[in-house]
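Trainee: Structure incoming, see below.
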Amino acid sequence: MPAPPTPPDQPSPDTKVEALFKRLAAAVDNGLLPAGSRLRSIRDCAEKEALSRNTVVEAYNRLIARGYAEARPGSGYFTRKAPGHRALAPAAHQSEAVDVVSLLREQLEQHYEVRVGDGRPPPSWMEGSELGRHLRGVRATTWGQLEHGYGTPWGYLPLRQTVARLLHERAIQAEVGQVLLTQGANHALDLIVRHLLEPGDVVLVDSPGYYPLFGKLKLAKVEMVGVPRLHDGPDLDALQQLAAAHRPKVFFTQSLAHNPTGGSISLAKAHRLLQLAAQHGFQIVEDDPFADLMPASAPRLSALDQLERVIYVSSFSKTLSAGLRVGFIAGPQAIINALCDLKMVTIVSTSDFVERVVCELIVGGQYRRHLTRLKTRLEAAQRQSIRALQQAGLRLLCPYSGGYYAWIALPDGQGEIELARRAAAQGIFISPGAVFYPDRQSTQASMRVNVAYANDERFLRFLQADG
């Protein structure tokens, strides 16, 4: 029989644990409990704080796990030197996100308060959402069903079935056996690069394009050739010449809500691109991270091709939670089989537990409700941000078509790297345009702007003062 719910006027056991942990951790931080101080015994603390012994044990374990205390067998619990806290400002050599590694590091470590260059929405857009409410209650049911093994390398079957249904909504007729779950889109791209390419191979990439992909290709010693990106997709005249000259194996592209330009491919251009791929014998990897924010009927290469020459990659990181790390690959059966073997050899399997959570959110309807709220927030932020940027004298290099990004031209004579460094000195994170080119050479001084943050008054004041 399940335990009765905690009455609303009483804190939950986990809340009590966290409250005791925070109070003791603050005492260590503030010097009220110097290093080496003996904490009260479990029994004494439980009696004086009117808590259960289990609550005190859990709070003490959290202190140990986070470096505030240590257990000495036979003697009790003692405080340790307070854990060092990250400085408010980054070290000098890490203060500007001006290349692939430093830009990616800043996305993850998050030194700055004003995050115009970020690749994701604000965490507040996810808090209080259907996701948060669902996760607070999911632990008991999901853990209760979980088998404590590695799971299949293909990923949680009900989620793969759900993904296949989502693909059908996008007019991509994929069978369940053509769907492989991954730890997000980056893991998917890594598997594809490892399987399809060898050192010295040539590939085509969007220019500007997705910079983490460039890092993967460099690690694989693959030669990248940039295809200029126009407002309605790749420059196909340039692509045709480059394909004839270099005989590439693969073209990596983002068709919709392109990163960083925010533009989307036209239907006519998508048709011609597939014709060029057949003519020159290269495969296409289509990355679609904003799929659930875009219309199901939007022109996708995978839908036009039906996964014969195109490998389709997507994830829930940009729309649900980057922390859940769930993505997928859909493609020709033989390639998906080989990618599953490669996944098994490299990481064994992905998290069955996390995949169950995502599946429950989708089939239970919470994900769709969450998407409705997310789209409303994004549309409002996009209108306000683009208006504010234009009022600041900046212009869009590409019409906005969806997603989180706007591609902004900088005024004549404005150096984008220097701008990023001046912004960093004021705690503002900017993504300079050069990072998004495979050869690091911008054709126009520019920056990628996350529309969720671009209306921040601190950023706009910086632009006005710097301009």
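Trainee: Going by what's in this entry, would T376 be described as open to solvent by 40 Å² or more (accessible area, probe 1.4 Å), of a type in the set (S, T, Y) and not in a loop (DSSP other than H, G, I, E, B)? Show your work before the answer.
Mentor: Details: open to solvent by 40 Å² or more (accessible area, probe 1.4 Å): yes; of a type in the set (S, T, Y): yes; not in a loop (DSSP other than H, G, I, E, B): yes.
Yes, satisfied.
Trainee: Looking only at residues in segment 374-389 that are over 19 Å from the mean Cα position of the chain (by Cα) and among the charged types (D, E, K, R), which one is nearest to L157 (Cα to Cα)?
Mentor: E379
Trainee: Name the single residue that is nearest to G402 (Cα to Cα) among those in segment 235-269 being touching a Gly at 6+ places or on another chain (Cβ under 8 Å) and without any contact (Cβ under 8 Å) to a residue 40 or more places away in the chain.
Mentor: Filtering segment 235-269 down to residues touching a Gly at 6+ places or on another chain (Cβ under 8 Å) leaves 247, 252-260, 262-266, 269.
Add one more test, that the residue is without any contact (Cβ under 8 Å) to a residue 40 or more places away in the chain, and what stays is 265-266, 269.
Numbers: I265: 12, S266: 14, K269: 18 Å.
Going through the qualifying residues, I end up with I265.
Trainee: Restricting attention to segment 147-203, which residues are at positive phi and open to solvent by 30 Å² or more (accessible area, probe 1.4 Å)?
Mentor: We begin by selecting, within segment 147-203, every residue at positive phi; these are 151, 155, 171, 184, 200.
Passing the criteria: G151, A171, G200.
Trainee: Can you pull out the residues in segment 391-421 that are touching a Pro at 6+ places or on another chain (Cβ under 6 Å), hydrophobic (A, V, I, L, M, F, W, C) and over 14 Å from A257 (Cα atoms)?
Mentor: Of segment 391-421, the ones touching a Pro at 6+ places or on another chain (Cβ under 6 Å) are 405, 407, 416-417, 420.
Still in the list and also hydrophobic (A, V, I, L, M, F, W, C): 407, 417, 420.
Result: I417, A420.
Trainee: Turning to a different aspect of this structure: Criterion first (of a type outside the set (D, E), modelled with pLDDT of 85 or more and surrounded by 15 or more Cβ atoms within 10 Å (Cβ to Cβ)) does R105 satisfy it? Let's see the steps before the verdict.
Mentor: Details: of a type outside the set (D, E): yes; modelled with pLDDT of 85 or more: no; surrounded by 15 or more Cβ atoms within 10 Å (Cβ to Cβ): yes.
No; evaluated as a whole, the condition is false for this residue.
Trainee: Additional query: Which residues, counting only those in segment 17-47, are open to solvent by 70 Å² or more (accessible area, probe 1.4 Å), more than 22 Å from G74 (Cα to Cα) and assigned to a helix (DSSP H, G or I)?
Mentor: Hits for segment 17-47 are K22, R23.
Trainee: Residues being in contact (Cβ under 8 Å) with a residue 12 or more places away in the chain, hydrophobic (A, V, I, L, M, F, W, C) and either over 25 Å from D292 (Cα atoms) or open to solvent by 60 Å² or more (accessible area, probe 1.4 Å) (or both): count how many of those fall in segment 336-352.
Mentor: Residues that pass the stated criteria total 5.
Trainee: Let me ask something else. V227 - would you say it is in contact with a Ser or Thr (Cβ under 9 Å, 6 or more places away or on another chain) and free of Cβ contacts under 8 Å to residues at least 60 places away in the same chain? Break it down stepwise before answering.
Mentor: Numbers: in contact with a Ser or Thr (Cβ under 9 Å, 6 or more places away or on another chain): yes; free of Cβ contacts under 8 Å to residues at least 60 places away in the same chain: yes.
Criteria met by V227.
Trainee: Now for a different question. Would you check if there is a residue in segment 379-390 being in contact with a helix residue (DSSP H, G or I) (Cβ under 6 Å, 6 or more places away or on another chain), open to solvent by 30 Å² or more (accessible area, probe 1.4 Å) and of a type outside the set (V, I, T)?
Mentor: No: zero hits.
Trainee: Right, another one. So in segment 425-442, with the set limited to residues that are closer than 16 Å to Y211 by Cα and part of a loop (DSSP other than H, G, I, E, B), which one is most open to solvent (accessible area, probe 1.4 Å)? Quick ask: steps written out before the conclusion?
Mentor: Within segment 425-442, the first condition is being closer than 16 Å to Y211 by Cα, and the residues that meet it are 430-442.
Remaining after also requiring part of a loop (DSSP other than H, G, I, E, B): 430, 437-442.
Numbers: I430: 7, Y437: 15, P438: 21, D439: 93, R440: 88, Q441: 118, S442: 42 Å².
Of everything passing the filter in segment 425-442, Q441 is most open to solvent (accessible area, probe 1.4 Å).
The values are calculated or read from the model by the stated rules, or taken from the named source; none is laboratory data. Please read these numbers as outputs of a predicted model, since none were measured by experiment. Neighbour counts are summed over all protein chains in view; Cβ atoms, including those assigned to glycine, are modelled from backbone coordinates with ideal geometry. Ligands, DNA and RNA are stripped out before the accessible areas are found, and what is left, the full protein with its side chains, is counted by its heavy atoms. Shrake-Rupley method; radii C 1.70, N 1.55, O 1.52, S 1.80 Å.
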